[in-house]
């Protein structure tokens with residue numbers, strides 16, 4: 001148990017130490033540690049890649065907007081599917097999972113051409129909507145499971161009281177599945193945060209997210225100093241790690257089970 | 001509740017608009033384009049039949065890429081499933097600090113493939129790496145980075161991906177494994193089942209549909225491997241770690257060979273859709289029995 005945990009976390013611990021300036025000395029026998037703890041390397045990130053902090057803001061905005069749109073559209077469709085009278089809704093839902101598994105590379109080449117033709121290339125809207133479209137199928141799949149688990153009686157009671165679709169969703173369904181919705185939003189935020197290919201082919205530097213920035217300064221400056229790179233990595237990991245920490249209780253509700261709704 | 005036509009329009013229109021415009025339409029336009037000489041830079045477009053497909057399949061680089069991604073998928077996906085399942089199995093009983101541990105274990109998945117590429121580039125090699133540090137402690141000579149070794153590069157890339165994805169599998173499996181009623185474990189123990197018996201007859205049946213779903217996601221992810229190799233190896237050394245996605249990207253955006261890039265991209269889609277058909281079929285048979 002401890003060994004497994006160590007295997008997964010040691011590389012990150014190594015990186016965290018390097019970002020603080022503590023490096024191993026592999027030439028001595030046995031290997032030892034050198035360097036003293038300092039925060040200098042975090043300041044150097046902004047020098048090595050001047051736009052880094054700007055990229056951090058762009059990443060937060062694109063990932064938040066894309067996750068919100070995907071979860072919003074996905075939730076409505078998931079509710080519609082779960083309450084639809086047609087029998088093949090199960091296969092349709094599985095189809096969404098297959099779509100969620102489709103790598104972006106399968107369609108980003110024509111997507112970039114399409115965006116260029118409608119003059120959306122290098123715009124915030126194109127990146128956000130493309131990321132939302134890439135992740136929405138997963139949201140549909142997970143939220144369909146959550147909605148299908150609800151007993152329809154709750155909604156029927158509200159309908160008897162004269163509630164329309166908006167009231168039923170807003171007052172009855174959404175409060176009941178809120179933990180699943182939040183969990184899905186967090187997972188989608190992480191996926192969007194880490195997405196490379198979509199912003200890569202849709203922008204030429206105007207809308208730059210963290211993975212793009214990291215890949216740039218690493219491709220062009222191979223000699224990048226490890227502590228600075230490590231500091232950039234830790235900064236890029238921190239927001240999603242904090243998010244996962246805050247929401248760790250509801251993250252349980254991100255369930256991919258198909259048993260529900262049967 | 002019974003949905004009216006207007007209700008359904010309201011519920012499905014946003015998703016339909018989003019998927020149609022930014023996923024389905026580009027994918028289908030791309031499919032059409034693979035049968036022609038279309039390119040954004042071309043002045044005229046001609047129907048070319050299967051010529052693009054023939055060009056892709058005959059390209060030794062694509063063949064190498066297809067071989068690599070097949071190895072990658074066949075090795076990485078089972079490893080991710082087995083390791084992810086084992087860790088979740090060990091964590092199935094509540095104990096002090098399990099919630100915190102679960103979040104800590106999710107950390108590798110939170111690292112983007114690009115960031116993990118940068119990180120492992122340094123950890124695998126050189127004076128500051130983790131590999132040489134451990135070897136030094138064991139009194140062994142330093143080892144050159146496996147990323148530069150023709151035979152080891154693909155395995156190293158797979159190891160990094162397993163490191164990143166196995167924790168996500170644990171994260172997805174744990175709630176289901178933890179919710180198996182205690183009596184089921186006790187019954188199995190009383191009836192003399194060994195731990196392998198408990199895994200086979202209690203744990204696996206409880207998470208089988210979930211495992212199938214996770215396998216589908218991991219397979220799609222593996223077949224599209226792009227950013228995991230982009231930084232780590234860039235496809236090298238030689239063609240040792242090139243993947244179809246990297247090939248498509250380089251064709252379309254690197255050397256402006258748009259038709260070949262789009263066509264090889266569609267071959268990835270075809271492979272994933274094929275896996276999807278198997279997935280839908282398998283989930284149906286599971287429900288039947």
**Message:** With the cut-off at 1.5 for a/c, could you classify segment A:1-112 from its C-alpha gyration tensor as rounded, prolate or oblate?
**Reply:** prolate
**GNM flexibility winner over chain A from A:250, A:118, A:235 (Cα, springs under 10 Å)** = A:118
**Item:** Shielding by partners - mean other protein chain Cβ count within 10 Å, residues of B:22-34
**Value:** 6
**Asked** What's the center-to-center distance, using Cα atoms, between segment B:174-244 and segment A:129-157 in Å?
**Response** 24 Å
**Fill in**
Each residue of B:188-196 has, on average, a number of other protein chain C-beta atoms within 10 Å of its C-beta equal to 0
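Which of the three applies to segment B:101-144, rounded, prolate or oblate, going by the alpha-carbon gyration tensor with a ≥ b ≥ c and a/c under 1.5 meaning rounded? Working shown, then result.
Values: a/c = 4.79, a/b = 1.79, b/c = 2.67.
Since a/c reaches 1.5 but b/c is at least a/b, the shape of segment B:101-144 is classed as oblate.
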**Asked** Which distance in nm do the two modelled labels at residue A:116 and residue A:57 give, with both placed 7 Å along the Cα-to-Cβ direction?
**Response** 3.0 nm
**Prompt:** Averaged over A:225-235, how many beta carbons belonging to a partner chain fall within 10 Å of each residue's beta carbon?
**Reply:** 3
**Item:** Helix-only CD estimate at 222 nm, as mean residue ellipticity for chain A, using -39500 (n - 2.57) per DSSP H run (n ≥ 4)
**Value:** -22000 deg cm²/dmol
**Prompt:** Taking springs between alpha-carbon atoms closer than 10 angstrom, which of A:171, A:83, A:116 fluctuates most in the Gaussian network model of chain A?
**Reply:** A:171
**Complete:** segment B:51-288: relative contact order from alpha carbon pairs under 8 Å, six or more residues apart, as a whole percent, is 30 percent
**Complete:** Measuring from the longest principal axis of the C-alpha atoms of chain A, the long axis of helix A:210-220 (C-alpha) lies at a number of degrees, nearest 10, equal to 30 degrees
**Fill in**
Taking A:192-202, B:133-143, B:91-101, A:137-147 and ranking on average Cβ neighbours within 10 Å, highest first, one gets A:137-147, A:192-202, B:133-143, B:91-101
**Request:** Give the Rg (one decimal place) followed by the Dmax (whole number) of segment A:125-262, computed from C-alpha coordinates and expressed in Å.
**Result:** 20.0, 69
**Item:** Projected label distance in nm at residue B:253 and residue B:41, using a 7 Å step from Cα toward the beta-carbon
**Value:** 1.5 nm
**Coordinate range along principal axes, alpha carbons of chain A, Å, largest first** = 75, 52, 29
**Fill in**
The computed P(r) of chain B puts the percent of Cα pairs beyond 27 Å at 56 percent
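Each value in this text was obtained by applying a stated rule to the coordinates, not by laboratory testing. Computed from a predicted model, the values in this text were never measured in an experiment. Glycine gets a Cβ as well: all are built from the backbone with ideal geometry, and neighbour counts include every protein chain shown.
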